[in-house]
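Remarks on the structure that follows.
Derivation of every value follows stated rules applied to the coordinates shown; laboratory data play no part. This is a predicted model, so every value here is computed, not measured. Cβ coordinates were reconstructed from backbone atoms using ideal geometry, including for glycine residues, and neighbour counts include every protein chain displayed.
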């Protein structure tokens, strides 16, 4: 297995708060990794640095052995790193189908912008159909995104990232704000889609049931540091993880 | 065949055919509507991108002055060259200013545009060589090499060229709006962050759309100067830009035909009100605008699209 | 030396004028998030009302000095009548809509009021020169300035200080600052936000009218003065940072001095200089000198 993502000595401070304190993390292709930590541990900051939304104060980020530190979200996205958001970032005034069409038109036609969008959409209609099917979005396809239930918005958000054929997919709390009955459903759909494409996945999660069920490896953050990294079962039983992160929740 | 394109083409042909028999005042109204409509075409592209310019008079005026100064400065009075000059000058200016403006949104975009247009107004209204606040007269002596003054229907030829240019702009913009890149305008208005995270450059698209809208405004201005025969700095004054915003809001941004409809309604209200009650035409415009903002937030065009909702977009 | 002094004095006078007009505009934006184009019309209405009422006063042979009282009353009259009519009758139905839409609503209002002015006063200019001459003049290093300018300067300083005092020292002012920060939270805490919108708009309208009233004796009052003035006020408010009172004061000073300097040195670039300052400031500080992200907006 080769390393898709590698970070070296990442540092990021917000005033006196250390959001990232010497992070050295390697992610292999074709693995699913969970990222846990209490609020303010620096989980989203890490995602934001990897995707270029924030620039680290110090340190380097390599994607497929290329230094991508300080590049813009757009440049990093184009290299194959896609993400979803804690608060779904979808096109709220457009329908589910249009959301996917826009994604496809950007993803499949980088150089060919002048092509009629219908042509693009027709050419790639199988991709759109496929994602609508995989994420059970068919019944919503003509609905405007702002009117969807939260779980469906999350799915749309993730499906927009997956349409782009990522090599690395970063999910920020894919099940937050989703009802307990729905959460396994959502994760099943996402993980099935990901596994069939052999994509490396890192997801931030508060829900330990989700972590146990879907990840092989887990990273635990505390105050911007990695305090545990290893097989999920071992990490979740590690004393400092129980003390600092899981606390009374288990 | 695209229904909108068919409609535009039929409209253009109808205008050209009927222009021959139209009374002078109707030709004038149609010409002004077409020029304003062309400017507003660019404005709706910006609106789709989520931007409202309160300074598009800048390019309207620049286009007109570029066309008008060819004669005094270069001795050229060929209509085609005048239009090319307008395109060149507005492209270069908007390309340069675009690097700044593409970083601005909302009211700050509106205000910085306003500042630039007022800078041009300030310059032109004090430049004695260009007639200061009075401006100067513009004449196109030839069109495609044909001497217009000797031609019995010289004015008609100008009208035909105006219709043709508007038709071309309208068609091209329609095709652009349907392209992959054109569609991104709406995506940007909706959610810039997502567009960047899908791998497209928001700033580039805004920049491109800004240049397109500027060129359209410049062409509108150039055609206006040729048809009316006179230009002055007022074209760059904020109230002119305000009129464009007015028509844009009145039209709505859902179709490329809407700007011409809006412009026609605007010019008609203005001319007739000006004729019959010169002291209340602005009042009438203001009330119209409030009514549209309250009852038709998507513009006049939404009246039509509601009726033919079942049809193709 | 003399021209330097002239630039300084002219600049200060012009700055005072700019500040009086911009203060109300920035206050309204700060509280209500409305960039009010109709501010220009309220300014014009103030000028016309003062010209008519003070003209009437003088023509009836009353003590000329009393015309200053009439002028002040004119401003209050315009503000107190039109402020509530506009806010209650129109703007309150628009709250919550996009900022740009609100600009357009006030633009429509501007167009309407422009014609209302023409319907009432016609298109011929009005003159109210008596108060300007009444106060005499002073001479400094051979330059003569009417004392009326002191009135302008004094009004600007008084406006700035009393607004600052109101916002920082009074209970109502402190509540207003809370509304400026976040009107939703303020409303959740039981503050009657609507009442403050009404007060703010009326106050702002009065200041606009006051600007017009004070200008009336210096110009010929005619159609178009509102349109001319509102863009200048925009320049000041945007340069200062939308919603910032100290920002507006600083911007008025900068623009006033730059324009006075330009008029003395390169008169052709007179108006150009104002908007050049506006563009330059926006390029380097996209949200103006005192940007709205700072803790205190007013």
**Prompt:** In nanometres, what is the gap between the two model label sites at residue B:139 and residue B:234, each 7 Å from Cα along Cα-to-Cβ?
**Reply:** 2.3 nm
**Fill in**
Mean per-residue count of partner chain Cβ within 10 Å for B:277-285 equals 5
**Request:** Return the FRET efficiency for the residue pair residue A:67, residue C:60: r is the Cβ-Cβ distance, R0 is 60 Å, and the value is rounded to the nearest 0.05.
**Result:** 0.10
**Where labels lie 7 Å past Cα in the beta-carbon direction, separation of residue B:96 and residue C:280 in nm** = 1.7 nm
**Prompt:** Which whole-number percent gives the relative contact order of chain A, counting Cα pairs below 8 Å spaced six or more residues apart?
**Reply:** 27 percent
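Per-residue ellipticity at 222 nm for chain B, helices alone: DSSP H runs ≥ 4 residues times -39500 (n - 2.57), over residue total, nearest 500 deg cm²/dmol?
Helix-only estimate at 222 nm: -24000 deg cm²/dmol.
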**Item:** Inter-label distance, nm, simple model (7 Å from Cα along the C-beta direction), residue B:129/residue C:164
**Value:** 4.7 nm
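Pairs of alpha-carbon atoms within less than 8 angstrom and 6+ residues apart define the contacts here; what relative contact order does chain C have, in percent?
37 percent
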**Message:** Which log10 I(q)/I(0) values does the protein assembly as shown give at q = 0.08, 0.10 Å⁻¹ under the Debye formula, counting every alpha carbon as one identical point scatterer?
**Reply:** -0.84, -1.17
**For C:93-105, mean number of other protein chain Cβ atoms within 10 Å** = 4
**Item:** Ordering of B:209-221, C:105-117 by burial proxy (mean other Cβ atoms within 10 Å per residue, highest first)
**Value:** B:209-221, C:105-117
**Asked** Based on DSSP H runs of at least 4 residues, each adding -39500 (n - 2.57), what is the mean residue ellipticity at 222 nm of chain C after dividing by all its residues, to the nearest 500 deg cm²/dmol?
**Response** -25000 deg cm²/dmol
**Item:** Förster-model FRET efficiency, 35 Å R0, residue B:21 and residue C:123, C-beta, rounded to 0.05
**Value:** 0.40
**Asked** How many Å³ per residue does the convex hull of the Cα positions in chain C occupy?
**Response** 139 Å³
**Message:** Could you compute Rg(Cα) / (2.2 N^0.38 Å) for segment C:179-298, with N its residue count?
**Reply:** 1.25
**Prompt:** Which whole-number percent gives the relative contact order of segment B:3-242, counting Cα pairs below 8 Å spaced six or more residues apart?
**Reply:** 44 percent
**Prompt:** Along the three principal axes, how long is segment A:151-228 when you take its alpha carbons, biggest first, rounded to the nearest angstrom?
**Reply:** 34, 29, 19
**Request:** Work out the mean other chain Cβ neighbour count within 10 Å for the residues of C:272-282 and drop it here as an integer.
**Result:** 6
**Message:** Just to confirm the number: angle between the C-alpha axis of helix A:150-163 and the first principal axis of chain A, 0 to 90 degrees, nearest 10?
**Reply:** 80 degrees
**Efficiency of FRET from Cβ geometry, residue A:179 and residue B:5, R₀ 30 Å, rounded to 0.05** = 0.05
**Request:** Report, as a whole number in µm² per second, the diffusion coefficient that Stokes-Einstein gives for segment A:40-86 at 37 °C and 0.692 mPa s using the Kirkwood radius over alpha carbon pairs.
**Result:** 302 µm²/s
**Prompt:** Given the convex hull over the Cα atoms of chain B, what projected area results after averaging over all orientations, in nm²?
**Reply:** 16.9 nm²
**Message:** Among A:100, A:23, A:156, which one shows the highest mean-square fluctuation when chain A is modelled as a Gaussian network with alpha-carbon springs under 10 Å?
**Reply:** A:23
**Request:** Divide by every residue of chain A the summed helix terms, -39500 (n - 2.57) for each DSSP H run of at least 4, and state the resulting mean residue ellipticity at 222 nm, rounded to the nearest 500 deg cm²/dmol.
**Result:** -10000 deg cm²/dmol
**Prompt:** Ranked from highest to lowest mean number of other Cβ atoms within 10 Å per residue, what is the order of the peptides A:34-47, B:68-81?
**Reply:** A:34-47, B:68-81
